[in-house]
1. When only residues in the stretch 124-158 that are assigned to a strand (DSSP E or B) and touching a residue at least 60 places away in the same chain (Cβ under 8 Å) count, which is nearest to the chain's Cα centre (by Cα)?
2. Only residues that are under 23 Å from residue 187 (Cα atoms) and surrounded by fewer than 16 Cβ atoms within 10 Å (Cβ to Cβ): list them for the stretch 260-273, please.
3. Identify, please: which residue in the stretch 274-290 is in contact (Cβ under 8 Å) with a residue 40 or more places away in the chain and closer than 30 Å to residue 174 by Cα and is, among those, surrounded by the fewest Cβ atoms within 10 Å (Cβ to Cβ)?
4. Could you list, in sequence order, the residues of the stretch 182-200 that are in contact with a strand residue (DSSP E or B) (Cβ under 6 Å, 6 or more places away or on another chain), outside any loop (DSSP other than H, G, I, E, B) and surrounded by fewer than 18 Cβ atoms within 10 Å (Cβ to Cβ)?
5. Report whether or not residue 214 is closer than 24 Å to residue 125 by Cα and either touching a helix residue (DSSP H, G or I) at 6+ places or on another chain (Cβ under 7 Å) or in a strand (DSSP E or B) (or both).
6. Only one of 249, 257, 219, 215 is at pLDDT 95 or above, surrounded by 14 or more Cβ atoms within 10 Å (Cβ to Cβ) and farther than 25 Å from residue 161 by Cβ. Can you tell me which?
7. What single numbered condition from (1) touching a helix residue (DSSP H, G or I) at 6+ places or on another chain (Cβ under 9 Å); (2) in contact (Cβ under 8 Å) with a residue 24 or more places away in the chain; (3) within 30 Å of residue 255 (Cβ to Cβ) fails to hold for residue 207?
8. Going by the structure shown, is residue 86 touching a strand residue (DSSP E or B) at 6+ places or on another chain (Cβ under 7 Å), crowded, with 17+ Cβ neighbours inside 10 Å and more than 25 Å from residue 294 (Cα to Cα)?
């Protein structure tokens with residue numbers, strides 16, 4: 001007889017196999033139209049006005065597409081390992097995301113499509129009262145296994161009165177969460193009597209719908225004559241308030257006033273009033289709100 005332990009192991013292996021098959025099936029690309037080329041060995045070339053393709057939830061359009069198999073493998077036996085290259089006026093859509101560029105290289109093995117040649121993207125949030133998110137970069141990678149895109153190289157992100165710059169951006173479309181790394185900065189434009197606010201650190205995370213930010217690592221906030229530094233900051237743009245923790249210090253270069261947070265406290269900076277005060281009680285940043293999919 002099979003022991004309970006053996007039965008549990010068999011069930012786990014079966015579940016893993018089903019999951020792997022489901023993931024593999026999601027990555028299979030379907031290109032519409034009658035191709036030119038060797039139908040058995042490939043590559044196949046598709047052209048149209050435009051060429052259309054689908055893979056999982058991604059919808060792709062382009063002027064031309066090529067489908068190929070790994071060297072030495074017939075195209076007919078290569079499902080799950082094929083590559084597809086799209087050229088000319090490439091457009092990729094998924095839910096509220098629309099990305100454009102000159103070229104797209106997709107791999108069924110990895111489930112990623114890499115958009116290049118001046119790529120840009122616009123994300124329209126589910127709540128129509130929220131600002132769209134516009135992204136430009138040197139390269140953008142779209143993952144079909146989840147609703148996450150990764151942009152690299154001279155990244156610029158804009159949403160309403162906020163704009164961010166970094167070397168790398170991960171954008172979680174489900175949470176409407178941006179993670180910027182590589183010399184990141186985020187600027188909130190001047191509005192009314194409020195001066196421009198610039199925040200820098202080792203990492204910036206922004207919930208673009210809620211307009212809340214979490215910045216960590218050598219944090220600096222500069223607004224007019226005020227410069228505030230610390231280990232981390234939580235900023236709520238709708239409430240015009242920032243909480244700086246960890247060796248937090250604020251200096252006004254005009255009045256020469258310095259405000260320091262107590263060892264167990266924090267600094268509260270009202271960005272609408274250009275005012276900083278020390279808090280004797282600790283402030284806990286809700287870091288769990290800023291976790292990207294898969295993080296713990």
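The values are calculated or read from the model by the stated rules, or taken from the named source; none is laboratory data. Remember, it's a predicted structure, so these values are computed and weren't measured experimentally. Using ideal geometry, Cβ is built from the backbone for each residue, glycine included, and neighbour counts are taken over all protein chains shown.
1. Kept after step one, since they are assigned to a strand (DSSP E or B), are these residues of the stretch 124-158: 133-136, 139-143, 148-158.
Filter again for touching a residue at least 60 places away in the same chain (Cβ under 8 Å), leaving 133, 142, 148.
Numbers: 133: 11, 142: 10, 148: 6 Å.
Going through the qualifying residues, I end up with 148.
2. Filtering the stretch 260-273 for residues under 23 Å from residue 187 (Cα atoms) gives 266-273.
Correct list: 270, 272, 273.
3. Restricting attention to the stretch 274-290, the residues satisfying the condition of being in contact (Cβ under 8 Å) with a residue 40 or more places away in the chain are 274, 276, 283, 285-287, 289-290.
With the extra rule that they be closer than 30 Å to residue 174 by Cα, the set shrinks to 283, 285-287, 289-290.
Numbers: 283: 17, 285: 18, 286: 9, 287: 12, 289: 14, 290: 23.
Restricting to residues being in contact (Cβ under 8 Å) with a residue 40 or more places away in the chain and closer than 30 Å to residue 174 by Cα, the top hit is 286.
4. Residues satisfying the conditions are 185, 187, 198.
5. Numbers: closer than 24 Å to residue 125 by Cα: yes; either touching a helix residue (DSSP H, G or I) at 6+ places or on another chain (Cβ under 7 Å) or in a strand (DSSP E or B) (or both): yes.
When the stated conditions are applied, residue 214 passes them.
6. Values: 257 fails: surrounded by 14 or more Cβ atoms within 10 Å (Cβ to Cβ); 219 fails: farther than 25 Å from residue 161 by Cβ; 215 fails: farther than 25 Å from residue 161 by Cβ.
None of the others qualify; the one that does is 249.
7. Just one mismatch for residue 207, condition (3).
8. Numbers: touching a strand residue (DSSP E or B) at 6+ places or on another chain (Cβ under 7 Å): yes; crowded, with 17+ Cβ neighbours inside 10 Å: yes; more than 25 Å from residue 294 (Cα to Cα): yes.
When the stated conditions are applied, residue 86 passes them.
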